[in-house]
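J.: The structure is given below, and queries will be raised subsequently.
Just so you know, all these numbers are worked out from the coordinates, no wet-lab data involved. Just so it is clear, the structure is predicted and the values come from calculations on it, not from any experiment. Neighbour counts run over all protein chains shown; Cβ positions are idealised from the backbone, glycine included.
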């Protein structure tokens, strides 16, 4: 290594690396970001009779409860073709964001020992949480495929768009995980608040009933309509429903979702990295 390279590579201990070098360091340790979630999935539910079947059992039970309440008791399935698939798509897509952002909130606080003993890009911890939820989501996609075929929707060329949809979804989730990870490092109450926030957000994301019925209602207050329109999860859930059910999806909505997800990721990464040197010192 030349003297010039040494001068470039070395930096004071308590200064941050440039973004390009930081990202290169993350990429060089990508095996670490994947190994952690794989091990978490293997270890989870080991003390239960059904084991990892619960990765599918939990969301399926949620779907059953929502179908009972919203489909049979409240009759929100009126006018919705293939309501069971419509509902399952919404629940699974929403759960991925909920689990990713909630897990991201705990990614720094529950790994203090690791942070104190090893030096590595701290962003790998929220990244590994998002990867963990994404791996579990892979099983759920299998269920959606089987359900789509079993309910008569069949296999569609729209399924080829799934990698793009999942990429945009992951960008949104990762940005949210970065934000909650830093917030929870500063205020440990955040990890208790986030689950309740998502319980409320579920009702304004079109997961269990079509929000268009309320947005098109003349009696709906304008500020309520703005809340729905600003929620990227509405477009995200609708995009998954376009893939599996062929429901209408405007190109403008897709473009808006891509822009919002990109902004959330960039802002989240910037916000998280500003406190890079502080993680593990609290």
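J.: With the contact rule set at Cα under 8 Å and sequence spacing of 6 or more, what percent relative contact order holds for the chain? Present the calculation step by step, with values, prior to reporting the outcome.
T.: Values: 291 pairs, mean separation 75.0, N = 282.
Normalised by residue count, the contact order of the chain is 27 percent.
J.: Additional query: Using a basic spin-label model with each label point 7 Å from the Cα along Cα→Cβ, how many nm lie between residue 278 and residue 24?
T.: If labels sit at residue 278 and residue 24, their model points lie 2.9 nm apart.
J.: Looking at the square roots a ≥ b ≥ c of the eigenvalues of the Cα gyration tensor of the range 106-253, which shape do they give, rounded for a/c under 1.5, prolate if a/b is larger than b/c, or oblate?
T.: Values: a/c = 2.59, a/b = 1.41, b/c = 1.83.
Note, shape of the range 106-253 comes out oblate.
J.: Can I ask one more? Using only Cα atoms, find the angle between the long axis of helix 83-107 and the longest principal axis of the chain, and express it within 0 to 90 degrees, rounded to the nearest 10.
T.: 20
J.: What ranking do 204-211, 132-139, 146-153, 236-243 get when scored by the average of other Cβ atoms within 10 Å per residue, highest first?
T.: Details: 204-211: 21.1, 132-139: 18.5, 146-153: 14.2, 236-243: 23.0.
The peptides rank, most packed first, as 236-243, 204-211, 132-139, 146-153.
J.: What is the fewest-to-most order of 261, 28 by other Cβ atoms lying within 10 Å of their Cβ?
T.: Final ranking by Cβ density, sparse to dense: 28, 261.
J.: Would you list 191, 276, 129 from fewest to most Cβ contacts within 10 Å?
T.: Details: 191 20, 276 14, 129 30.
Ordered by Cβ neighbours within 10 Å, fewest first: 276, 191, 129.
J.: Extension gain residue 35-residue 162, at 0.36 nm per residue separation less the Cα-Cα distance, in nm? Could the numbers behind the result be given before it?
T.: On the way: separation 127, 0.36 × 127 = 45.72 nm, distance 2.43 nm.
So the chain would gain 43.3 nm between residue 35 and residue 162.
J.: In addition: Using 0.36 nm per residue, how much length does the chain from residue 42 to residue 54 gain when fully extended, once their Cα-Cα distance is taken away? Walk me through the numbers on the way to the answer.
T.: Details: separation 12, 0.36 × 12 = 4.32 nm, distance 1.19 nm.
Difference between extended and current length: 3.1 nm.
J.: Still on this model: Using the alpha-carbon atoms, what tilt in degrees (0 to 90, nearest 10) does helix 54-66 show relative to the longest principal axis of the chain?
T.: Helix 54-66 and the main axis of the chain meet at about 40 degrees.
J.: How big, on average over all directions, is the shadow cast by the Cα convex hull of the chain, in nm²? Kindly include the intermediate steps, with their values, before the conclusion.
T.: Numbers: hull surface 73.6 nm².
Directional mean of the projected Cα hull area for the chain stands at 18.4 nm².
J.: Compute the length gained on full extension between residue 112 and residue 84: take 0.36 nm times their separation in residues and subtract their Cα-Cα distance, giving the result in nm to one decimal. If you can, show how the numbers build up before the last one.
T.: Working: separation 28, 0.36 × 28 = 10.08 nm, distance 4.24 nm.
Here the segment from residue 112 to residue 84 would lengthen by 5.8 nm.
J.: Work out the FRET efficiency for residue 226 and residue 250 from their Cβ-Cβ distance, taking R0 = 22 Å, and round it to the nearest 0.05.
T.: Numbers: r = 18 Å, r/R0 = 0.82.
Calculated value: 0.75.
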